[in-house]
Amino acid sequence: MLKKFICVVAIICILLSGFLVPSLGAELDPNTPSSYFSDTVPEAISIGFVPEDIQGDYRKPITRSEFARLFVNALFTWQKNNASPVDEEWYGTRAITKEDVLNNVKTPDYNFVDVNDDDIKLAYILGLTKGTGPNTFSPDIPITRQEGATMLINYFHHWVLPTFEYDASVIKDLDKCADFAKESVMLAWQIGFFEGVSGNRNSENPKIYMDPTGYFTREQAITIMLRLYKSNSMYLSAVLLRGKVAYAAHALKMEWAVTKDSVTALRFKDGMSLRYSEDVHHHYWNIYKGPNKKYPLATSEQKVAAFNNPNDIFFQHATEELVDAACNNVNAVFDLGYAEYEIHGDGFIYQYRFKNNGVYNDWYYGGVKELPIPYTRIR
């Protein structure tokens, strides 16, 4: 927990400057970035994550589709350019690609009728969005600042920790946020994803105005993604399904299903299993089985059922009851507060069913409140 917190603090220092400063200058050419963004936009393009159709008309409000595609491309470009085999024993030997996710993850309830784009499907799988309606994404509508904050927090809530320097009262127009976005806007500002349109967080009596219903411009959104990319941080180092479940080395050997409110590990592919040298589950296993070696012959399915939680870096959630059920192939359901977690179900190894209770994850359970994780067995 301490290591994770230190990483976040360091990253905040990188991210705090200049995310959403209003465009400066009055350049007549819309295809030339404003003076404030004259360095960041060309740099992002040179890295290769800015889609060609967004390279121009930089002061135009960015659409929902463009914002989502920009993030998806930044994430997978970071994977391509930065994934390293150095951590082979823990994380695998290669970057995760778009094709890895699209080919191995089923989406039984993905049914947007107003867009046909693999990047939007990936945004759905990653958890940025559930859409604007039962079967719509509204790709061409300009994205508001509160919607952009919500997309970011939908994915990054895995990393968000409680902060102690600020509180919601300093955001003076938070009441103008839609109910669904208030917590995301607060968290996105607190963690440093973007600044307000006015005010200074470092002043003695900060009064921040976020303009939640205002729009991002293309150059502003590109700059956000560039700063995330250049932070070289944990924010883009993992690919997460629905912003929660790590899709890494072992995941490539498995078949998955993602819906609006669930992530399911279905099965290992034929002939596939965990290798001792390739995955963190074995590390946990060696710790847990201890001198008594109660479960020395556990299968790959049993191990991932017991130790799949990507936030469980300190082993505190692998309770005796959970491991016992996992290693005896017992169907069991545990209450995590923010989700129900079922193992060895009908046709799957494990499944997260997320609750619609306005909370994010186990590190920031309760959003503005820090609450314990129940991890109690309910069946």
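Here are some notes:
- Listed pairs LYS80/LYS253; LYS60/LYS230; LYS182/LYS230; LYS98/LYS207 exceeding 31 Å between Cα atoms: LYS98/LYS207
- With θ taken as phi - 60° and the Karplus curve 6.51 cos²θ - 1.76 cosθ + 1.60 applied, the whole-hertz 3J(HN,Hα) list for the range 42-56 is x, 5, 4, 5, 5, 5, x, 9, 9, x, 4, 6, 9, 8, x Hz, x standing for glycine and proline.
- Distances between placed amide hydrogens fall under 5 Å for THR217 paired with ILE62, all partners being 5 or more residues away or on another chain.
- Amide H contacts for ASP211 (H built 1.01 Å from N in the peptide plane; partners 5 or more residues away or on another chain; cut-off under 5 Å): VAL197.
- Panel order for LYS355, LYS121, LYS176, by other beta carbons found within 10 Å of each beta carbon, from fewest to most: LYS355, LYS176, LYS121.
The numbers here are math on the coordinates, done by the rules we state, and not lab data. All figures in this text were calculated on a predicted structure; none of them were measured in a lab. A quick note on method: Cβ atoms are made from the backbone with ideal geometry, for glycine too, and the neighbour counts reach across all protein chains shown.
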